[in-house]
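Engineer: I have a structure here, written as structure tokens, and I will follow up with some questions on it.
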Amino acid sequence: MRAPGGGRAAAHARLDLATGHAPRAVHRIETASRSIRRGGQVPPSDPGPTAPEGPGPGPGLRRAREGEPLTTLDGKIPPYIQKIAQRDPFAFNGRQVTGGLSTIRDSAWVMSWNCERQPHFKAQPKDQIVIWITGQQDDRPGDFVKKPMRECTGEEITREWLYHLGVPTEQIPEIAAKSAICLPCIMPFCTAFFMPRRTDDRPNIVPEHVVNFAFLGQFAETERDTIFTTEYSVRTGMEAVYTLLNVERAVPEVWGSAYDIRCWLKSIAVSRDYEKIELPRPIMELLDRTDIGGLLRKYGVV
Ligand SMILES: Cc1cc2nc3c(=O)[nH]c(=O)nc-3n(C[C@H](O)[C@H](O)[C@H](O)COP(=O)(O)OP(=O)(O)OC[C@H]3O[C@@H](n4cnc5c(N)ncnc54)[C@H](O)[C@@H]3O)c2cc1C
């Protein structure tokens, strides 16, 4: 998953050159209508700002999401990454290393991490790797670090991650201290993206009768598109300009993956790591008499 915006990248680079791991929750990224604040700590008891009405999850349901960029500084951690990803993180060949989020099933924090295409930043030194770590349950004690994730420093989060990577426990403190820099970020509004939405939750980009302003971004309504994508924001900007200025230009169509059975089948195959479904022979014979059998085979589902 790509990190949003350049702000965090720049801050991360800054930290890289400075003292090392960040203290806990150095950044607070609020993805709804609020801006990014830097340097503030989130007190452990702070439930975060009230969820926005509408697209927000509502009282009691809102859960902050925590995500941390981590930079490895030497050759100690990358072999563990390679062992799991089966790809050399230093190949720098334009390929993803983990190919999406790698979720640690047994992690109390429900930790996921991914190692995208490297180098992640233009100025990234050749001997460093940038990782993205997230936790869905940041209020539970970890498996190695017995503290809630949201109370942890970057070094403590690194320790927990190394534990799940399989680093021998006696080596963890030193490797976490010297071989990585981790910058914790709490995103109190992040789950707002994932909540169910109704058509009237968000304002239309150009509401009826409006001639001189528009709503842009993830919390404006545009037909059929899915939020949590940069495409969505770009589309809202195009729609706003074309509508307000009467520009006769079409906004690029939303890709109709939700209605395309081939996309569904491909997704099933990928989500099963291409492990084929064993169907009883009589059922398969029946399916093979129809187009469905051919499609299931073509996309690797059976
Ligand atoms: C962890 C995470 C992973 C993601 N991964 C992906 C991905 O893989 N692919 C993908 O397509 N999308 C991804 N996204 C979503 C994508 O990053 C966002 O949808 C996109 O950045 C939104 O762009 P935007 O320009 O609408 O808003 P933003 O990038 O949020 O920009 C809004 C800007 O407005 C500024 N601002 C806010 N209030 C004020 C104010 N009052 N005055 C002045 N400035 C203000 C903010 O500081 C910010 O710079 C991800 C998001 C997150 C949080």
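Engineer: Spin-label point model (7 Å from Cα, Cβ direction): what's the Asp88 to Val247 distance in nm?
Structural biologist: Reported label-point gap for Asp88 and Val247 is 4.5 nm.
Engineer: Work out, step by step, the length gained on full extension between Val270 and Asp74: first 0.36 nm times the residue separation, then minus their alpha carbon distance; give nm to one decimal.
Structural biologist: 67.3 nm
Engineer: Quick one: length gained pulling Thr230 to Thr199 fully straight, 0.36 nm per residue minus the C-alpha distance?
Structural biologist: Value of the extension gain: 9.1 nm.
Engineer: Can you pick out the pairs among Lys83/Lys126; Lys147/Lys178; Lys83/Lys122; Lys83/Lys276; Lys146/Lys266 whose Cα atoms lie more than 30 Å from each other?
Structural biologist: Lys146/Lys266
Engineer: Here's another thing I want to ask about it. Give the long-range amide H neighbours of Ile129: residues separated by 5 or more places, or on another chain, with amide H under 5 Å away, using H modelled in the peptide plane at 1.01 Å from N.
Structural biologist: Thr72
Engineer: For the pair Asp106/Lys147, report the inter-label distance in nm, with labels modelled 7 Å from Cα in the Cβ direction.
Structural biologist: Spacing of the two 7 Å Cα→Cβ label points: 2.4 nm.
Engineer: Follow-up question, since we're still on this one. Which ordering of Ile84, Ile283 is given by a fewest-first count of other beta-carbon atoms within 10 Å?
Structural biologist: The most exposed by this proxy come first: Ile283, Ile84.
Engineer: Relative to a virtual label point 7 Å from the Cα of Ser257 in the Cα→beta-carbon direction, which members of the stretch 285-302 show backbone nitrogen distances below 18 Å?
Structural biologist: It comes to 299-301, nothing else.
Values quoted throughout were computed directly from the atomic coordinates according to the rules given, and no laboratory measurement underlies them. Please read these numbers as outputs of a predicted model, since none were measured by experiment. Methodologically, a virtual Cβ is constructed for each residue, glycine included, from the backbone with ideal geometry; neighbour enumeration extends over all protein chains shown.
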